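Notes follow the structure.
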Amino acid sequence: MMEKLSAKESTHQKFIEAANRKKILAHKCSKCGHLMLETVLFCEKCSGSKFEHTELEGAGTVVTYTIQAVAPEGFEDAGSYAWVVFKIDNSQLRASGFLPGIKTPADLPIRTRVRVAGFDPKHGLMLQK
Amino acid sequence: MDRISFFQTSPAKYDFAYFTVLHIAHDSSIATVIKLFIMQKAIFYEMTNSKVCVLGAGSTKYGKLNESIIEIALNAAKDAIESAGITPKEIQAGYISNVFGVADKQVHMAPVIMSNLGISHVPGLTIESACGSGSVMFREAYANVAAGFYDCLLALGVEKVTHTGTVHSTTLFSYCSDFFYEGGNGASFPGLFASMARAYMNTHKATEEDLANVAVKNHENGMLNPKAHVHKKITVEDVLKSPVVASPLKLLDCCPFSDGASATILCSEEFAKKSGRPYIEIIGSGRGASPAAVQDREDITTIPSTVAAARQAYRMAGVTPKDINFAEVHDCFTIAEIIDVEDLGFFPKGKAAHAVRDGATRLKGEIPVNPSGGLKSKGHPIGATGVGQVVEVFDQFTGKAGERTVPNAEIALTHNFGATGASAAVHIFRKVDRK
């Protein structure tokens, strides 16, 4: 039977703590070795529920992105920013985050290098070029 | 409800099943067991092959509506009931789709709607699946008629959000994303689809003009739909010059926030035939799912839930994409329609932009797409959208679509998804010629 996680042990909280160390926290399935982001509780390949924590370097290349001209509530004061999907180095995993200071597509060609800068309670996973 | 009373209150086919169970209990000879096995296979075949029809359909106008969410729902319900030529007393269940009822201070909507139709004893169910709520609910309603639980039911979708304002509506919609990774990092829904657009444009060398062509075509169709939210003819230049919402998408690449309701009456074929009214038949139904977050999809230029749902629906209907005479697809943003028509098999991957440019999806093209004006022009009251697509097919096949009628159409497809395609449903319909 799976143990309930306390707030301190929550998967989101662990992900955030790793992001603040500029890492991306992943789960490696103990049964089949498949790698997933920390927030997944069962292996999507073999349904295994035992994992090894794996900290990946929070760096990678831009896969796609948008520059949000009309920001949702909570982001109105963020200036011009991009929401970015990036492929994490040395894995097939992707993550997404908030990259401030992007004004035009010329500022962020596809495959630009980005890295994790931390986790902001207001703006989420912070990235920098 | 216990086992006995379940069978006693269900249609005749279940009484027969119950009889077989009792019979097995008293006579277990091999011959009897084989005979009953064959009989039960026959029952299963009948249950899964029961024809389900749409006997009535109605919609409110989509747009900014002043009535309460319940009043909007009831207006559509009344239209559908009158269209079917039935009384509310003939309705055995109510299936309702809605997402943001809480924004108009009403959740647990099904019993409220049933009560206001004067049938408070009729069980209802409210279903949420983001922007795909209508089609997902329709699928559940369909399955319950197909399985023989009900002979006649109301399937209704409703939404009211415009009173919350654009900024708050944008925020509410972002709650339909995988919020920890998407909305929580600053992505709005236009932003998520914009990221898909950029990936598509980068992979398939499509342009912003290609996306704009979808908007121009759907606005042209919407001009012919009196119930459409946006009645405005636009040009490619208008789209390109409209303000950027989330690059590369501009205001005119985006559907509007809409209020509105659409309703259908679903019934068994026997019920439809007895009514003597025009009806259409559901010949295919499919559901699919995708990773909730865009980042987790191997290919951001396709929506796996659409592909899976379409495959199921085509297989069930025994048709191919070439047999579809027109389609109502989920064009919440122009890029969505480009991806949809490829995922539904109308065009090879990467070729839809060219096909749209060449007019293949126009009202008189080889495969008309969104003759109603689609979400882009007809509007997108998210709980109602999937049902509204069925209303369009019903109107097309029963001579109520006026100038936007697709000539000689016999088979049509509806496609609707939730969020960025995390959930999707596809249905295929056949025109029933009543001579």
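The values are calculated or read from the model by the stated rules, or taken from the named source; none is laboratory data. Bear in mind that the values here come from a model prediction, so they are computed numbers and not experimental data. Cβ coordinates were reconstructed from backbone atoms using ideal geometry, including for glycine residues, and neighbour counts include every protein chain displayed. SASA here: full protein model, heavy atoms, side chains in, ligands and nucleic acids out. Shrake-Rupley method; radii C 1.70, N 1.55, O 1.52, S 1.80 Å.
Here A:Glu57 fits the description: of a type in the set (Asp, Glu) and either crowded, with 20+ Cβ neighbours inside 10 Å or closer than 23 Å to A:Ile110 by Cβ (or both).
Entry remark, the range B:243-281: residues being part of a helix (DSSP H, G or I) and either of a type in the set (A, V, I, L, M, F, W, C) or touching a helix residue (DSSP H, G or I) at 6+ places or on another chain (Cβ under 9 Å) (or both) number 6 in total. Taken residue by residue, the range B:241-255 has at least one member that is closer than 27 Å to B:Arg139 by Cβ, modelled with pLDDT of 95 or more and under 20 Å from the mean Cα position of the chain (by Cα).
Among (1) more than 14 Å from every other protein chain (Cβ to nearest Cβ); (2) within 24 Å of B:Ser174 (Cβ to Cβ), where does B:Pro278 come up short? Evaluating B:Pro278 over (1) more than 14 Å from every other protein chain (Cβ to nearest Cβ); (2) within 24 Å of B:Ser174 (Cβ to Cβ) leaves (2) as the failure. The single residue among B:Phe193, B:Phe100 that is of a type outside the set (Gly, Ala, Ser), modelled with pLDDT of 95 or more and closer than 30 Å to B:Gly350 by Cβ turns out to be B:Phe193.
Yes/no per residue for (1) in a helix (DSSP H, G or I); (2) open to solvent by less than 20 Å² (accessible area, probe 1.4 Å):
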{"residue": "B:Gln312", "(1), (2)": "yes, no"}
{"residue": "B:Ala327", "(1), (2)": "no, yes"}
{"residue": "B:Ala336", "(1), (2)": "yes, yes"}
{"residue": "B:Glu342", "(1), (2)": "yes, yes"}
{"residue": "B:Lys349", "(1), (2)": "no, no"}
{"residue": "B:His354", "(1), (2)": "yes, no"}
{"residue": "B:Ala360", "(1), (2)": "no, yes"}
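Before we move on, is B:Phe138 open to solvent by 10 Å² or more (accessible area, probe 1.4 Å) and hydrophobic (A, V, I, L, M, F, W, C)? Against the criterion (open to solvent by 10 Å² or more (accessible area, probe 1.4 Å) and hydrophobic (A, V, I, L, M, F, W, C)), B:Phe138 does not qualify. For the range B:145-164, a residue qualifies if it is open to solvent by 10 Å² or more (accessible area, probe 1.4 Å) and not aliphatic (A, V, I, L, M), and the qualifying residues are B:Phe149, B:Tyr150, B:Asp151, B:Lys160, B:Thr162, B:His163, B:Thr164. Applying the selection to the range B:200-218, what residues are closer than 18 Å to A:Ile110 by Cβ and open to solvent by 10 Å² or more (accessible area, probe 1.4 Å)? Hits for the range B:200-218 are B:Met201, B:Asn202, B:Thr203, B:His204, B:Lys205, B:Ala206, B:Thr207, B:Glu208. Of all residues in the range B:186-242, those satisfying the criterion of being hydroxyl-bearing (Ser, Thr, Tyr), assigned to a loop (DSSP other than H, G, I, E, B) and out of contact with any Lys or Arg (no Cβ under 8 Å at 6 or more places or on another chain) are B:Ser188, B:Thr207, B:Thr235. From the list B:Ser268, B:Ser262, B:Ser275, which one is open to solvent by less than 10 Å² (accessible area, probe 1.4 Å) and within 30 Å of B:Phe397 (Cα to Cα)? Residue meeting the stated conditions: B:Ser262. Determine, yes or no, whether B:Pro256 is open to solvent by 10 Å² or more (accessible area, probe 1.4 Å), in contact with a strand residue (DSSP E or B) (Cβ under 9 Å, 6 or more places away or on another chain) and either more than 13 Å from chain A (Cβ to nearest Cβ) or closer than 30 Å to B:Ile113 by Cβ (or both). In short, yes. Counting the residues of the range B:380-399 that are of a type in the set (A, V, I, L, M, F, W, C) and within 15 Å of B:Phe100 (Cα to Cα) gives 2. Consider B:Val112 carefully, then state whether it is among the β-branched types (Val, Ile, Thr) and at pLDDT 95 or above. When the stated conditions are applied, B:Val112 passes them. Is it the case, given these coordinates, that B:Phe326 is in contact with a strand residue (DSSP E or B) (Cβ under 7 Å, 6 or more places away or on another chain) and aromatic (Phe, Trp, Tyr)? Criteria met by B:Phe326. Scanning the range A:105-128 for residues that are within 23 Å of B:Thr203 (Cα to Cα), more than 8 Å from every other protein chain (Cβ to nearest Cβ) and not in a strand (DSSP E or B) yields A:Ala106, A:Asp107, A:Leu108, A:Pro109, A:Arg111, A:Thr112.
Scan the range B:155-170 for residues that are out of contact with any helix residue (DSSP H, G or I) (no Cβ under 6 Å at 6 or more places or on another chain) and touching a residue at least 12 places away in the same chain (Cβ under 8 Å) and jot them down. Matches in the range B:155-170: B:Glu159, B:Thr162, B:His163, B:Thr166, B:Ser169, B:Thr170. Among the residues making up the range B:167-194, those that are open to solvent by 10 Å² or more (accessible area, probe 1.4 Å), within 8 Å of chain A (Cβ to nearest Cβ) and not hydroxyl-bearing (Ser, Thr, Tyr) are B:Val167, B:His168, B:Phe180, B:Gly184, B:Pro190. Kindly indicate whether B:Asn202 is within 8 Å of chain A (Cβ to nearest Cβ) and not β-branched (Val, Ile, Thr). It is true that B:Asn202 is within 8 Å of chain A (Cβ to nearest Cβ) and not β-branched (Val, Ile, Thr). Residues in the range B:390-404 that are within 13 Å of B:Pro226 (Cα to Cα) and either more than 16 Å from the chain's Cα centre (by Cα) or surrounded by fewer than 18 Cβ atoms within 10 Å (Cβ to Cβ) (or both): B:Lys400, B:Ala401, B:Gly402, B:Glu403, B:Arg404. For the range A:47-86, the tally of residues that are under 21 Å from B:Pro248 (Cα atoms), in a strand (DSSP E or B) and either in contact with a Leu (Cβ under 8 Å, 6 or more places away or on another chain) or at the interface with chain B (Cβ under 10 Å from one of its Cβ atoms) (or both) stands at 13.
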